[in-house]
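The values are calculated or read from the model by the stated rules, or taken from the named source; none is laboratory data. Everything numeric in this text was worked out from a predicted model, so none of it was measured. Every residue, glycine among them, receives a Cβ derived from its backbone with ideal geometry; neighbour counts consider all protein chains shown. Ligands, DNA and RNA are stripped out before the accessible areas are found, and what is left, the full protein with its side chains, is counted by its heavy atoms. Shrake-Rupley method; radii C 1.70, N 1.55, O 1.52, S 1.80 Å.
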Amino acid sequence: MEEVNQSVVSEFIILGLCSSWELQAFLLVIFSSLYLITILGNIFIMLLIIVDFHLHSPMYFLLANLSFIDFCLSSVTTPKMITDFLKENKTISFEDCMCQIFFGHFFGGGEMVLLVSMAYDRYVAICKPLHYSSIMNGQMCIGLVMTSWIVGFVHSISQLAMIIKLPFCGPRELDSFFCDIPLVIKLACTDTSILEMWINADSGVLATISFIVLLISYSYILFTICLHSKDGASKALSTCTAHITVVVLFLITPLLNPAIYTLRNKEIKNAIKRL
């Protein structure tokens, strides 16, 4: 009975980014503006791709789904962080904390797989142009998107399953502005060293496989580009630049994706002009 009581935690205390009210007011304006830009930018890209029939192609279908995932991913923790800037006592319930962890890994894992799918799309378009329409058909595009959601879900469930039953009875302070697994498991009233190893391995496998597939895809693409004529190579490289930039800046892409794809993509810019 005593063990059960010890494991019940109703909420965690969030220490946040800082304790100064002046700095918090400044950060409130900054993060609110960035969040608004992120949301509006990704919504704009999704609507643009939907309404402009020139953009009804596999590449932009995947891009629209990437914008949707970025929209969701940026909304997992940012609204809570923004509202906490207005509060003196920052807390999050145990259930909400687990939800943040679940959806953060769900959308994050899904985005990694979707970026791999976009790299595969560019690989087929540049390395196998004559077979592009038959390979990247509607069924394949839907399959790639569904795979990203399924992998994200399985990854998230596996992460959550390893921590949700941990006993929490000691300190409840999270030295962060959101619930992150490494910080949460440190508050558990048990030895979590082996669990941390499994959690890191779970995330590491997904990240490593995604990185290797991306590396192979873009290596083939760059090799093929080098064999093309100067004009063809220039056009192909321009098409891939936005994708490579997004992969490199993966951690902050929910904000940068709209700008990257708008500024680096000629077809997107032409679609904006047609509005």
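Which one of Cys127, Ile150, Met140 has its Cα pushed farthest toward the positive end of the charge dipole of the stretch 82-158, where Lys and Arg give +1 and Asp and Glu give -1 at the Cβ? Positive-most Cα among the choices belongs to Cys127. Here the gap between Met146 and Arg172, fully extended at 0.36 nm per residue and compared with their Cα-Cα distance, gives a gain of 5.6 nm. For the stretch 25-46, backbone nitrogen atoms closer than 16 Å to the point 7 Å from Ile272 Cα along Cα-to-C-beta are found at 37-46. With the alpha-carbon atoms of the stretch 48-187 aligned to their principal axes, the span from lowest to highest coordinate is 62, 32, 20 Å, starting with the largest. Put a plus charge on the Cβ of each Lys and Arg, a minus charge on the Cβ of each Asp and Glu, and nothing anywhere else: the dipole of the stretch 17-129 about its Cα centre is then about 240 debye.
Out of the stretch 23-99, which trypsin sites (Lys or Arg not before Pro) are coil in DSSP terms and have no more than 11 other C-beta atoms within 10 Å? Sparse-neighbourhood loop trypsin sites (Lys or Arg not before Pro): Lys87.
Give the calculated FRET efficiency between Asp96 and Phe153 to the nearest 0.05, with a Förster radius of 22 Å applied to their Cβ-Cβ distance. Each step should come with its number before you reach the end.
Values: r = 19 Å, r/R0 = 0.88.
Taking R0 as 22 Å, the efficiency between Asp96 and Phe153 is 0.70.
Rg/Rh for the stretch 80-140: what does it come to with C-alpha atoms and Rh from Kirkwood? Dividing the radius of gyration by the Kirkwood radius yields 1.34. Per residue, the stretch 1-155 exposes an accessible area of 50 Å² to a 1.4 Å probe, with every protein chain left in place. For the stretch 3-106, the calculated P(r), taken from all Cα-Cα distances in 5 Å bins from zero up to the bin holding the longest distance, is 2, 11, 16, 16, 15, 13, 9, 7, 6, 3, 1, 1, 0 percent.
Modelled spin-label separation between Ile164 and Leu40, with each label point placed 7 Å from Cα along the Cα-to-Cβ direction: 3.8 nm. Once both labels are positioned 7 Å from their Cα atoms along Cα-to-Cβ, the gap between Leu47 and Cys226 label points is 4.5 nm.
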